[in-house]
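> Below are the structure tokens for one structure; questions will follow.
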Amino acid sequence: MPEGSEVKEIEILEMFRTYGENEVCLRFLRDMCARDIRMYFQASTDEDRRTIRGAHARTNYFISLIRKANGKRNSKD
């Protein structure tokens, strides 16, 4: 890592646990997923669709980290 030591998994989970306590953050992430889906079907090139799929996957990954950090991995929020 350029700015220092590598971030540990426990530190990442702590960060996402904190984000999970904020309902606005979860709503924002879900809204971004919905927007990405709409944009995907409006995209005119394969490159745009790949970019949108990547953004959607990353947002879903963040949501899964929040659930994991808060012990809600298999439940809906």
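> How about region 15-77: which trypsin sites (Lys or Arg not before Pro) there lie in a loop by DSSP and see at most 15 other Cβ atoms within 10 Å?
72, 73, 76
> Still on this structure, please answer the following. What's log10 of I(q)/I(0) for region 18-62 at q = 0.25, 0.28 Å⁻¹, Debye sum over Cα points only, no solvent?
Reported log10 I(q)/I(0), two decimals: -0.82, -0.93.
> Keeping every protein chain present and rolling a 1.4 Å probe, give me the accessible area per residue for region 1-48 in Å².
So region 1-48 comes to 83 Å² accessible per residue, rounded to a whole number.
> For the chain, which whole percent of the accessible surface, found with a 1.4 angstrom probe, sits on carbon and sulfur atoms?
After summing per-atom areas, the C and S share lands at 53 percent.
> Helix-only estimate, please: 222 nm mean residue ellipticity of the chain, summing -39500 (n - 2.57) across DSSP H runs of length 4 or more and dividing by its residues, to the nearest 500.
Computed mean residue ellipticity for the chain: -25000 deg cm²/dmol.
The values are calculated or read from the model by the stated rules, or taken from the named source; none is laboratory data. Remember, it's a predicted structure, so these values are computed and weren't measured experimentally. Here Cβ is always computed from backbone atoms with ideal geometry, including for glycine, and neighbour counts include all displayed protein chains. Remember, those area values only see protein heavy atoms, side chains included, never the ligands or the DNA or RNA. Shrake-Rupley method; radii C 1.70, N 1.55, O 1.52, S 1.80 Å.
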